[in-house]
Amino acid sequence: MSDAPAVTGTDPDSAGSGVPDIAGALAWARAQIGVMDARVLLRHVLQCPAARLVSHPEARLDDADWQAYHALVERRAAGEPVAYLVGEREFFGRSFLVTPAVLIPRPETELLIELALAHFGSRPRPRVLDMGTGSGAIAITLALELDQADVTAVDASREALWVAMANAARLGASVSFVQGNWFEELDGERFQLIVSNPPYVAAEDPHLTEGDVRFEPRTALAAGADGLDDIKTIVAAAPHHLEDDGWLLLEHGYDQAAAVRGLLTDAGFSAITSWADLAGIERVTGGHWPGRH
Ligand code: GLN
């Protein structure tokens, strides 16, 4: 960092040097994208802890950092999700790489993890399948949190699987990745636990044209007229891939819990339950597979 006088104020270019200090850069960005995103993107560019932005407001950015920050702030202002701009998102206490090939992991999906741990935390070496793994957040977290779990993760997208495999390598998780459409490549395979955060948004839902989801893969989000197409496929096939005394746990949309319970009932599941996320919305529904005796 140079000893040049700090540049502050809302227009970082006004002081002539063209390159602002931390306070100036943040003030400029905050006006466009809000204080939270302004800080996250600056930390990403400077690769520094949050505390440095507060403790060194007068530290001058170098030219390359300022240009990189400027470009990221403009992309954020145009709507791109922060997670794609910084290339990672935290899930269940770990950082996962994300690209536009995968859905950005969401905090409500941690409920799926907590339920899987509650049901299988004490079973040794559980065989687990994650359907539509995307970034691999669910499969990898379960591989790391469950005792010696044997985890398989499926996705139709080759690009998504590259991201998931990179995450598994980075986090030291052992997961078997399979490219295929739902159960297509899993003939004859059975698991004790099947989990999924499948696409579940109705194709015409206006939510798909707003905010971050505009930049996410549509195939990871939308599932037919009522959003239930993929959930129906999974529920129908799951009994052929669950061991006796297995469980199926599915994340779903805010208004789909009753419909998913109905599908599980029709398919012969028992102990069917829906659980609410932290926002109080029924977000995961599951059922026990007693087996066919
Ligand atoms: N929860 C996401 C959303 O509404 C949807 C995720 C999904 O379809 N699996 O943005």
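The values are calculated or read from the model by the stated rules, or taken from the named source; none is laboratory data. All values derive from a computational prediction rather than experimental measurement. Quick reminder, even Gly has a Cβ in these numbers, built from the backbone with ideal geometry, and neighbours come from all protein chains shown.
Is at least one residue of segment 149-168 surrounded by fewer than 22 Cβ atoms within 10 Å (Cβ to Cβ), at positive phi and assigned to a loop (DSSP other than H, G, I, E, B)?
There is no residue in segment 149-168 that is surrounded by fewer than 22 Cβ atoms within 10 Å (Cβ to Cβ), at positive phi and assigned to a loop (DSSP other than H, G, I, E, B).
Of all residues in segment 181-207, count the ones that are under 27 Å from Val128 (Cα atoms) and either assigned to a strand (DSSP E or B) or more than 12 Å from the ligand (Cβ to nearest atom) (or both).
Qualifying residue count for the region: 17.
Just to be sure I understand the filter: pairs with C-beta atoms under 6 Å, separated by 6 or more residues or on different chains, first member in segment 207-228 and of a type in the set (Phe, Trp, Tyr), second member more than 8 Å from the ligand (Cβ to nearest atom). Which pairs pass?
Phe215/Glu80; Phe215/Pro81
Give the residues of segment 269-291 that are part of a loop (DSSP other than H, G, I, E, B) and in contact with a strand residue (DSSP E or B) (Cβ under 8 Å, 6 or more places away or on another chain), sorted by residue number.
The answer is Phe269, Asp277, Pro290, Gly291.
Taking Ala164 as the residue in question, decide whether it is under 14 Å from the mean Cα position of the chain (by Cα), within 12 Å of the ligand (Cβ to nearest atom) and either closer than 25 Å to Pro81 by Cβ or modelled with pLDDT under 95 (or both). Step through it out loud before you land on a result.
Values: under 14 Å from the mean Cα position of the chain (by Cα): yes; within 12 Å of the ligand (Cβ to nearest atom): no; either closer than 25 Å to Pro81 by Cβ or modelled with pLDDT under 95 (or both): yes.
Criteria not met by Ala164.
Given the criteria of a type in the set (Val, Ile, Thr) and more than 14 Å from the ligand (Cβ to nearest atom), does Ile231 qualify?
Judged against the criteria, Ile231 is not a match.
Here is a check on your reading of the model: is Ala220 within 19 Å of Thr133 (Cβ to Cβ), modelled with pLDDT of 95 or more and more than 11 Å from the ligand (Cβ to nearest atom)? Spell out the reasoning first.
Details: within 19 Å of Thr133 (Cβ to Cβ): yes; modelled with pLDDT of 95 or more: yes; more than 11 Å from the ligand (Cβ to nearest atom): no.
Here the answer is no, as Ala220 does not meet what is asked.
Picking from Thr99, Thr141, Thr133, Thr109, which residue would you name as being among the hydroxyl-bearing types (Ser, Thr, Tyr), surrounded by fewer than 23 Cβ atoms within 10 Å (Cβ to Cβ), under 21 Å from Asn167 (Cβ atoms) and touching a helix residue (DSSP H, G or I) at 6+ places or on another chain (Cβ under 6 Å)? Spell out the reasoning first.
Details: Thr141 fails: surrounded by fewer than 23 Cβ atoms within 10 Å (Cβ to Cβ); Thr133 fails: surrounded by fewer than 23 Cβ atoms within 10 Å (Cβ to Cβ); Thr109 fails: touching a helix residue (DSSP H, G or I) at 6+ places or on another chain (Cβ under 6 Å).
Exactly one residue qualifies, and that residue is Thr99.
If you take the residues of segment 246-293 that are in contact (Cβ under 8 Å) with a residue 60 or more places away in the chain and of a type in the set (Asp, Glu), which of them is surrounded by the most Cβ atoms within 10 Å (Cβ to Cβ)?
Per the criteria, the residue is Glu251.
Provide a single number: the residues in segment 93-135 that are in a loop (DSSP other than H, G, I, E, B), within 15 Å of the ligand (Cβ to nearest atom) and touching a strand residue (DSSP E or B) at 6+ places or on another chain (Cβ under 6 Å).
So the answer is 6.
Suppose we filter Glu210, Glu243 for residues that are surrounded by fewer than 17 Cβ atoms within 10 Å (Cβ to Cβ) and away from the ligand (no atom under 12 Å from the Cβ); which single one remains? Don't jump to the end; show me each part of the working.
Details: Glu210 fails: away from the ligand (no atom under 12 Å from the Cβ).
Criteria check complete, one pass: Glu243.
Would you confirm whether any residue within segment 263-270 is within 22 Å of the chain's Cα centre (by Cα) and not basic (Lys, Arg)?
No.
Look at Ser157 and say whether it is among the polar types (S, T, N, Q), within 15 Å of the ligand (Cβ to nearest atom) and either in contact with a Cys (Cβ under 7 Å, 6 or more places away or on another chain) or more than 17 Å from Val213 (Cα to Cα) (or both).
Against the criterion (among the polar types (S, T, N, Q), within 15 Å of the ligand (Cβ to nearest atom) and either in contact with a Cys (Cβ under 7 Å, 6 or more places away or on another chain) or more than 17 Å from Val213 (Cα to Cα) (or both)), Ser157 qualifies.
Is at least one residue of segment 66-87 surrounded by fewer than 19 Cβ atoms within 10 Å (Cβ to Cβ), at pLDDT 95 or above and in contact with a strand residue (DSSP E or B) (Cβ under 7 Å, 6 or more places away or on another chain)?
Yes - at least one qualifying residue is present in segment 66-87.
So, in segment 246-266, of the ones that are touching a Leu at 6+ places or on another chain (Cβ under 8 Å), of a type outside the set (Val, Ile, Thr) and part of a helix (DSSP H, G or I), which residue ends up nearest to the ligand (Cβ to nearest atom)?
Ala259
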